[in-house]
Amino acid sequence: MAKKIGKSTYAFEKGIYLTGYGSVAGKKEGQGPYGNYFDFIGEDAYFGEKTFEKAESVLQKMATVYAVDKSGLKHSEIDLVCAGDLLNQCIGSSFSARDMNLPFVGIYGACSTMALSLILVSFMIESGAVNNGISVASSHFCAAERQYRFPLEYGNQRPPTSQWTVTGAGAFVLSNKERENAPKIVRATIGEIKDLSVTDQNNMGAAMAPADVKIRP
């Protein structure tokens, strides 16, 4: 079982390995410095769908397929999927997982969703409840703007402090079976909620920067 270290860090005694990974990104992200590292880059914001929200589900599906293929596991060997996004009721993740026919754990952790998903699946593997699990997280700039601020069609002017939400999805396959050169999860730290009185809904950077400073002073 996991051993607690200090206030919120846990050490895993069993082997928890990242045996597969997948990443899908939007056109803007593909033009950035990490463009060569994505498995797939979309040509536009729709990914063949009629809405941005449906496009986000496609992002998750594609990233998951890449991850499972790289893991060398069969679909029947996957025990569950743990996924989250930035939409109401995790609708992007729900529609993505709809055709997987796997036990589904939907989570919401905003920018911490991927880390939280990895931690939860790691605990499940550590407990012996599952052997292989998928962790997935996604966001979509256009869907997030409609969710949190204004639809892009509204034509509002973005202030200088505004941030740009990534259009992309990432997926990992976690397994209790060791694989050569596979990264291993050995510890996990769960964060706390802190209200730093940042009231500008466009300035997400100001809300997240203090946490980074605390982690890496």
Would the stretch 107-123 turn up any residue that is part of a strand (DSSP E or B) and either surrounded by fewer than 19 Cβ atoms within 10 Å (Cβ to Cβ) or touching a helix residue (DSSP H, G or I) at 6+ places or on another chain (Cβ under 8 Å) (or both)?
-> yes
Sort out which residues of the stretch 32-90 are charged (D, E, K, R), under 22 Å from Ser117 (Cα atoms) and open to solvent by 80 Å² or more (accessible area, probe 1.4 Å), and write them in order of number.
-> Lys54, Asp69, Lys74
Taking Gly20 as meeting all but one of (1) in a loop (DSSP other than H, G, I, E, B); (2) buried (at least 21 other Cβ atoms within 10 Å of the Cβ), write down the number of the exception.
-> (1)
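The values are calculated or read from the model by the stated rules, or taken from the named source; none is laboratory data. It should be emphasised that the depicted structure is a prediction, and the values quoted were computed from it without experimental measurement. A quick note on method: Cβ atoms are made from the backbone with ideal geometry, for glycine too, and the neighbour counts reach across all protein chains shown. Side chains are part of the model used for accessible areas, which takes the heavy atoms of the whole protein and leaves out ligands, DNA and RNA. Shrake-Rupley method; radii C 1.70, N 1.55, O 1.52, S 1.80 Å.
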